[in-house]
Structures are given as C-alpha cells and as structure tokens.
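Colleague: Would you mind keeping the following structure in view while I ask a few things?
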Amino acid sequence: MAAATLQQVLDASGNPVELLRNSQIGSYIYPVVPADFQNWIKEQRAWRETSVLYDQSHHMDNLFLRGSDAIRLISDTAINSTAVFPVDKAKQYVPTTASGHVIGDGILFHEAEDEYVYVGRSPAANWLLFHGETGGYANLDIEVDRRSPSRPYGHAVSRRYYRFQIQGPTAWQVIEKLNGGRSSSSSSST
C-alpha cells in the first residue's frame, strides 16, 4: 500500500534527509533560470566588496490594476494609507483581513492616473484579485502575470516586466558606466 500522507512517506523513508537528497524528480531550477555564480562565498564577497546583478524577473507575481476603482480597492484592503500616492511613486502594500490578520505584502507602483502594479507574492495578489472580482468595483480591470515558476513547464517564460537589481558598494559606478557618465542624481545616496 502506498503512503497516503507526507508524514507516512517521511516515516517510511527512515531518513528524510537522504530521501530528499536522493529525490528522483530532478533539479529544481528556481526561479526558472539557473544560478550564474561560481560559489556562495564568491557571491557573498561580490555584493559586500564590489557589485552583483540580480535577475528578479521571475520570482514574484505582477498584478495590473486599471480604472477609477483601483485606488479604492487598494485602500479598502491595505493597512497603510493611500491618501498621498502620486504617479511615478511606489509604496509598500500590506493587505489584511477584516479582523486585522496580515495576508502578505509587496510593492505597489503608481504608474499613471488610475493605473497601478502590485509586485509581490501570490497571497496578496490573490487577495486583491478576489476582492476586485467580488467587491463591487465596477470600474476596475485586473490582469494577472504569475511568477514564472507558477507556469506549467513547456510554456514560454515571458514577463511583461523584467526587473534587475545592482547591489554592492560599487553599484553606482557600474550604473554611471552603463549610462555613459555621471548623472545629475549621482550625489544622492545609493
């Protein structure tokens, strides 16, 4: 008889660590693209002493909210204020249940008049999607772009936005070199 629960599988294995190490499911490349570094120590040294480039394009959902009811949905579900939220700014979005339990968090970008993009983990994206569909928001359009690992294998990994982060003490010099020289905001902190 096959094991019916995860606990039964673990108990039957005798050694859960060996069970996982010898898994037959193959490698799990997360987040869709293989890691591009030689080893963990060199990666840690790079972001502490020089610069690294992170590809953050695949590990979070994007939820596009459009329409005059978008800000009302955001305000109705968030604990943080949206009273001051100008275009071309971003803020943390923290949705909660009616009794105050935190659902998750992410970043909300105000891209244009009545246009917002939530970037973060699926629970908060699902919360916005659910309330957007069931909460009586008549003037609201929602488009979901799931994180790449949530897509079935074999489907092209195509995102609407690709996000990269340059991090480390020499990051600003890298940005200036890529932009062909010193920018007017280079005196600001990085």
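Colleague: Which lysines have a Cα lying under 26 Å from the Cα of K177, excluding residues fewer than 8 positions away in the same chain?
Modeller: Excluding near neighbours in sequence, the set is K42, K89.
Colleague: Excluding ligands and nucleic acids, what accessible area in Å² is computed for S51 using a 1.4 Å probe, to the nearest 10?
Modeller: It works out to around 30 Å².
Colleague: Determine the order of E143, E133 by accessible area, beginning with the largest, at a probe radius of 1.4 Å. Intermediate results must be reported in sequence, preceding the final value.
Modeller: Working: E143 75, E133 140 Å².
Correct descending sequence by accessible area is E133, E143.
Colleague: Could you rank R163, R182 by how accessible they are, 1.4 Å probe, largest area first?
Modeller: Values: R163 55, R182 180 Å².
The most accessible residue leads, giving R182, R163.
Colleague: Would you rank F109, F164, F85 by solvent-accessible area, highest first, keeping every protein chain in place and using a 1.4 Å probe? Write down the numbers at each step before the final one.
Modeller: Details: F109 70, F164 125, F85 20 Å².
Ranked from most to least accessible, the order is F164, F109, F85.
Colleague: Rounded to whole Hz and in sequence order, give me ³J(HN,Hα) for segment 79-88 from the Karplus expression 6.51 cos²θ - 1.76 cosθ + 1.60, θ = phi - 60°, writing x for Gly and Pro.
Modeller: Calculated HN-Hα couplings, in order: 8, 8, 6, 10, 4, 10, 8, x, 4, 6 Hz.
Colleague: OK, next. Please list, in chain and number order, the residues 5+ apart from T96 or on another chain whose amide H is under 5 Å from its amide H, with Hs placed from the backbone.
Modeller: I79, I103
Colleague: Highest first, please rank the peptides 63-75, 165-177 by the mean number of other Cβ atoms sitting within 10 Å of their residues.
Modeller: Details: 63-75: 18.9, 165-177: 14.8.
Ranking, from highest mean packing down: 63-75, 165-177.
The values are calculated or read from the model by the stated rules, or taken from the named source; none is laboratory data. Predicted model, so just to flag it, every value in this text is computed and none were measured. All Cβ positions, even for glycine, are placed from backbone atoms using ideal geometry, and neighbour counts span all protein chains on display. Accessible surface areas use protein heavy atoms only, side chains included; no ligands, DNA or RNA. Shrake-Rupley method; radii C 1.70, N 1.55, O 1.52, S 1.80 Å.
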